[in-house]
1. Can you pull out every residue in segment 196-211 that is touching a residue at least 60 places away in the same chain (Cβ under 8 Å) and polar (S, T, N, Q)?
2. How many residues, within segment 243-260, are surrounded by fewer than 13 Cβ atoms within 10 Å (Cβ to Cβ) and touching a strand residue (DSSP E or B) at 6+ places or on another chain (Cβ under 7 Å)?
3. Mind checking which residues of segment 1-30 are free of Cβ contacts under 8 Å to residues at least 40 places away in the same chain and β-branched (V, I, T)?
4. Identify the residue in segment 94-108 that is touching a Phe, Trp or Tyr at 6+ places or on another chain (Cβ under 9 Å) and either assigned by TED's automatic domain parsing to the domain that holds R195 or not basic (K, R) (or both) and, among all such residues, is surrounded by the fewest Cβ atoms within 10 Å (Cβ to Cβ).
5. Report yes if A275 is surrounded by fewer than 19 Cβ atoms within 10 Å (Cβ to Cβ) and either part of a helix (DSSP H, G or I) or in the same structural domain as G97 (by TED's automatic domain parsing) (or both), otherwise no.
6. Report yes if A398 is over 39 Å from the mean Cα position of the chain (by Cα), crowded, with 22+ Cβ neighbours inside 10 Å and in the same structural domain as L340 (by TED's automatic domain parsing), otherwise no.
7. Just to check your reading of the model, which residue among I113, I129 is closer than 30 Å to A56 by Cβ, at pLDDT 65 or above and of a type outside the set (G, A, S)?
8. When you scan segment 170-178, do you find a residue that is in a loop (DSSP other than H, G, I, E, B), touching a Phe, Trp or Tyr at 6+ places or on another chain (Cβ under 9 Å) and not assigned by TED's automatic domain parsing to the domain that holds T65, even just one?
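The values are calculated or read from the model by the stated rules, or taken from the named source; none is laboratory data. Small disclaimer: the values here were computed from a predicted structure and weren't measured. Note that each Cβ is placed from the backbone with ideal geometry, even for glycine, and that neighbours are counted across all protein chains shown.
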Amino acid sequence: MALVRDLPIVFMSIDEPWADDYWADLLAKAPWAKRVHGVIGLDACHKAALKAGGGAQVITVDADTLVRPSFFELDVPDEFIRPNCRVEWPSRNVVNGQVYGNGSLKCWPGKMIREMRTHELSPKGEVSIDHAIGAHMAAGKGSPRVHVPEVHSDVNPALTPYHAFRCGFREGVRLSLGGGGGVHHRLDLRSLPDRQIRRLVACCSVGADCENGLWLMYGTRLGVFMTQASDWDFTTINSYPWFDSFWADLIARRFSKGGATCRYTGFRWSPDELAEECTALGAQLATHFGIEVFDLSAAESRMFKETGPEPMDWWMSDSFGYMYLKGHGIAADHARARRLFDVGVLNEVAASFNNLGRMAEHGQNGGVDTEAALALYEQAVLRGDRFAPHHMANLLRALSPDDQFENMRADTLDWLAVERGFDPLSLADAE
C-alpha cells in the first residue's frame, strides 16, 4: 500500500498568471511537491514532471486545480502501482459543476509517461487530443485507467478570459468527437453516448454565475461548431502557439472594449456582445446539429450546480420555473416562471402541469382561473405527479363543498397522493 504523501507530486504550469498562488497553496499542503513551469506541449510537460518527481510513480496537479487536504490522507492499493496502470481522482469544475477527468489528479507510472506518444508527439497518422494510453495496457491485466469515485480537488479553468476560452474550446472539440483511447473522429452528435452529451450540454450552458464563466461556455460552443461545421483540423488544439494566435487575431478583437476587465491581465471586453454571440452559437448548434443548449442566468447556474448531479434536460426548466415562482435565490418573476413551465408542458413534464395549475388557481399570472387549474391538475395526475392529486382534491372541495360525489373523488385523490409519496397531513413534507 502506497500512501499519497509518500509519492512524488508535481505541479505543472505553463503560462497561467495565477500559477504562483496555486503553487503556494499546494506547497503549504504538500511541502515535498515539485514544480515544472513553461514546458510547452502536454506530452513534453508530463515527461518533465516525471523527471522532476524522480521516482517510478508521479502524481500530477494541473495549474488550475486546488487540491483538498483530504487527498493527502489517501493510500493507493498495491494492485494499482504497476507499469501499465494510471490512477485518476476526478476534480469538481467550479464553473459548471461537472465532476470528471478535466483537471483531475493523476498518479502515473513512469514507464507509461516515458513510452507514450500523445498530443503534440502522437505517431503519424494517429489523431490524438487526449492522453492516448490504451496501447500501454498489458494484455489480460485489466484497464490502465483506474477511476477512483472520490473528489479531492477543485478545478477553475476560468480565471482569465483567455484561459477560460481555451479550456472551453478544447472541451467543446473533445466532447463533440467519438473514439476512445485518445484517438478521435467526427460523428453525428446525436449518436454520442448519453453521458458525453449531458456533459457537453452542461459545459455549453452552466457558469453564468462565475467570473469568466461565459467565456468558457462561448469557447465550448465555438469548439463544437468549428469541429462539426467544417473539415478544420481539430488536432491544432494541441498547439499552444496556435491558440495564442487564434485568440489574439480572431477572438479577442471581436468584442468591444469596456464593461468588464480581467483582474489578472487587464483585458477588457463587452459582456453584452459576448452573451449575444454565445446565444447565437447555441441557436446554430440546435439548428444544424440537433444539440440543445441552454442560456441560463447566474441564479439558474447556481441552482443547477447545487442540485447536481442533474442532467441538463427539460426537467430542469421546471426546476428553474419553480425557483422564479417562489423567489428562491432570485427575485420572484411569475411571467418567467410561466414561460419555463410552458416549456416543461411541451415536453410532458408532469410537475410543470401541476405548477401551472397552482398559478392558475391562485391568479399568479393573470386572474384566477379554477377551470384551467382543474384541467392542468388532471393532466399532472395522469402523468404521475405526486403533489397534483392533493391540490386537485383541495380545489374540488373548495368549489363543491356540499357535493358528496366530488368529496369522495377528493378523498380518493388524497389517497393517491399518499401512495405516490406525498402525505398531505405531514407538515414536514414540503413541495
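1. Step one: filter segment 196-211 for residues touching a residue at least 60 places away in the same chain (Cβ under 8 Å), giving 197-210.
Answer for segment 196-211, where residues must be touching a residue at least 60 places away in the same chain (Cβ under 8 Å) and polar (S, T, N, Q): just S205.
2. Of the residues in that region, 2 qualify.
3. Within segment 1-30, no residue meets the criteria.
4. If we take residues in segment 94-108 being touching a Phe, Trp or Tyr at 6+ places or on another chain (Cβ under 9 Å) and either assigned by TED's automatic domain parsing to the domain that holds R195 or not basic (K, R) (or both), then G97 is surrounded by the fewest Cβ atoms within 10 Å (Cβ to Cβ).
5. yes
6. Answer is no for this residue.
7. From the options I113, I129, the qualifying one is I113.
8. So the first thing to find is which residues in segment 170-178 are in a loop (DSSP other than H, G, I, E, B), and the list is 176-177.
Restricting the remaining residues to those that are touching a Phe, Trp or Tyr at 6+ places or on another chain (Cβ under 9 Å) gives 176-177.
Restricting the remaining residues to those that are not assigned by TED's automatic domain parsing to the domain that holds T65 gives 176-177.
Looking through segment 170-178, at least one residue is in a loop (DSSP other than H, G, I, E, B), touching a Phe, Trp or Tyr at 6+ places or on another chain (Cβ under 9 Å) and not assigned by TED's automatic domain parsing to the domain that holds T65.
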